[in-house]
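Worksheet: one structure, shown below.
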Amino acid sequence: MKLASLSRSLLRTATVLAFALTATACATNPGDSGAKDGAYQVNDPLEGANRVVFAVNDAVDTVALRPAAEVYVAVVPDPIRDAIHNFIDNLMAPLYIANNLLQGNFDGATDATGRFLTNTILGAGGIADVASQAAIPHAPEDFGQTLAVWGVGDGPYLVLPLLGPSNLRDTVGYGVDTVGDPVRIWAYAHNGQGLMYTRAGVSAVDRRSEVLKSVDDLRRNSLDFYATVRSLYQQQRQAAISNSKGPSTQEFPDFTTAPKP
């Protein structure tokens, strides 16, 4: 009963936000933005508040997440870190499959299903990435991308506490993916909330460990770290939505993709 109530509450919130997002997208006229200040030109009308949250997130990263990632890299051997990364990613496969289907991308759904079955059966539950060795393409998709494919605008840029760069559409998508996460549903149905917190923490440290040098370089070379991250996030999301096959931009850790406890 608790799980059902939680799911209904989150779904109601997601629905309200989705309607608000649609209204925002319809009401926004790019042609009228010339007279607006810089925040509106980059679709960041909440820049003041976003910068405050960004500063807090940056402080948390400096004192906690980055040191944890450094220890993780120093202590855990590469093969074990790869196995952990593969296992976490394989747990997300049902969402990848569902979102590919919702987007009408049946080739992507086939690839995601093939990877999930291959890695689960032949890769010891996803610890080994046998699918990549078999040249099965990786097809990760989230509900924020699904909304974009359905024609929903991104809405204003947001910086979420602890989760980092996002926008209104992707925040809604994150909420829907959270409700639909089969591992989360199973854990809450079986009083396994501790598993969810563990997965979220390990996933965050794993993702941060992959971009230690990139983020340090980005911070050092940016005149305005906040503006650089904002631009980079928007470029990455656009590339993900369009399934860009070109060279990827420098990565900044986007914790909105990490499983939510």
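The values are calculated or read from the model by the stated rules, or taken from the named source; none is laboratory data. What you are looking at is a predicted structure, and each value in this text was computed from that prediction instead of being measured. Reconstructed Cβ throughout: ideal geometry from the backbone, glycine too, with neighbour counts over all protein chains shown. Quick note on the areas: whole protein, heavy atoms, side chains included, nothing else; ligands and nucleic acids left out. Shrake-Rupley method; radii C 1.70, N 1.55, O 1.52, S 1.80 Å.
On a full-extension model of 0.36 nm per residue, what is the gain between LEU223 and PHE106, subtracting their alpha-carbon distance, rounded to one decimal in nm?
37.8 nm
With only Lys, Arg, Asp and Glu charged, each at its Cβ (+1 for the first two, -1 for the last two), find how big the charge dipole of segment 137-238 is about the Cα centre; round to the nearest 20 debye.
For segment 137-238, the charge dipole is close to 200 debye.
Given the peptides 79-91, 48-60, arrange them by the average over their residues of other C-beta atoms within 10 Å, most packed first.
Result, highest mean first: 79-91, 48-60.
Which length gain, in nm to one decimal place, applies between GLN235 and VAL73 when the Cα-Cα distance is subtracted from 0.36 nm times their residue separation?
Roughly 55.5 nm would be gained on extension.
Using amide H atoms built in the peptide plane, which far-off residues or other-chain residues are under 5 Å from LEU160 H to H?
Amide H neighbours of LEU160, under 5 Å, 5+ apart: SER166.
Can you tell me the accessible area per residue over segment 100-242, all protein chains present, probe 1.4 angstrom, in square angstrom?
Value for segment 100-242: 46 Å² per residue.
With only Lys, Arg, Asp and Glu charged, each at its Cβ (+1 for the first two, -1 for the last two), find how big the charge dipole of segment 73-146 is about the Cα centre; round to the nearest 20 debye.
Here the size comes out at about 120 debye.
Hey, what D do you get for segment 144-246 in µm²/s if you plug the Kirkwood alpha-carbon radius into Stokes-Einstein at 37 °C and 0.692 mPa s?
208
Order of 114-127, 222-235 by packing, highest average Cβ count within 10 Å first?
114-127, 222-235
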